[in-house]
């Protein structure tokens with residue numbers, strides 16, 4: 001018998017309509033939306049109602065709490081864990097858990113685009129298929145995954161692709177890891193490696209994201225510097241170019257010890273020192289900005305936080 005922990009945190013899957021007909025996320029008790037009649041006969045599911053919040057109300061402290069709960073349950077003999085979560089921040093939550101949970105047992109994050117009471121809801125299907133995935137030995141050792149609409153995604157590259165369509169998530173350029181056919185888990189590929197950075201510090205460092213665009217200047221960078229943030233993710237264009245008027249503020253911030261990581265706003269591809277001119281990726285790199293490979297800005301932010309909390313060298317952490 002496989003023991004699976006179902007950890008509920010709120011989101012659309014735990015929502016219901018108010019008298020105006022609008023959804024209020026994270027208000028239903030888990031027993032009101034977790035229909036477990038179709039789980040595999042060799043699986044025992046225990047529900048743990050940990051949080052009940054809209055997904056954009058979830059904090060990194062909440063994710064620390066979830067990670068600690070999962071690790072404690074694994075120590076108690078649970079084979080896998082499923083976390084129900086709101087979809088708006090699901091991709092961030094899944095990747096952060098992937099970074100900080102140092103365990104080989106399956107961890108699956110899921111949710112729904114429609115409330116459990118809505119016509120054509122995906123809540124039951126996603127929930128049951130996530131339990132099937134967490135019960136499968138095929139997912140052992142590959143880190144946290146997202147199960148959505150019969151597909152299994154790596155937490156590192158999954159992204160919410162549609163605001164309300166049932167096909168809500170995708171991994172552009174990388175594809176999904178596998179599918180779930182009914183209750184059968186079919187895995188086509190696995191991540192080449194896992195990068196796990198269990199936190200050493202309880203304090204979560206302040207890391208911000210700044211977009212780079214035509215005629216951008218150093219205003220937001222200066223504001224972050226004055227606020228004494230620990231890190232800044234630059235979401236640059238193309239191979240990693242920024243607006244020239246941002247450069248002076250970046251150099252001043254680096255002198256004050258702020259860690260910068262360079263990412264690209266492009267959907268696919270990686271930043272690279274291809275061009276040689278002022279405010280290019282090469283110029284940034286030569287002045288101490290770390291290249292963020294192919295990561296998007298939100299995932300890079302979480303990785304930088306995990307690296308800083310675990311006292312891991314940031315350059316090494318972002319080197320493939």
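Numerical summary
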| read-out | value |
| --- | --- |
| Residue under evaluation residue 114, criteria (1) touching a helix residue (DSSP H, G or I) at 6+ places or on another chain (Cβ under 9 Å); (2) not assigned by TED's automatic domain parsing to the domain that holds residue 60, criterion not met | (2) |
| Test: residue in the stretch 118-125 that is closer than 20 Å to residue 6 by Cα, surrounded by 19 or more Cβ atoms within 10 Å (Cβ to Cβ) and modelled with pLDDT under 95 | yes |
| Verdict on residue 187 being modelled with pLDDT under 95 and either in contact with a helix residue (DSSP H, G or I) (Cβ under 6 Å, 6 or more places away or on another chain) or surrounded by 14 or more Cβ atoms within 10 Å (Cβ to Cβ) (or both) | no |
| Qualifying positions in the stretch 1-20 - in a loop (DSSP other than H, G, I, E, B), on the phi < 0 side of the Ramachandran plot and touching a helix residue (DSSP H, G or I) at 6+ places or on another chain (Cβ under 7 Å) | none |
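The values are calculated or read from the model by the stated rules, or taken from the named source; none is laboratory data. These numbers come from a predicted model, not from an experiment. Glycine also receives a Cβ, built like all others from the backbone with ideal geometry; neighbour counts cover every protein chain displayed.
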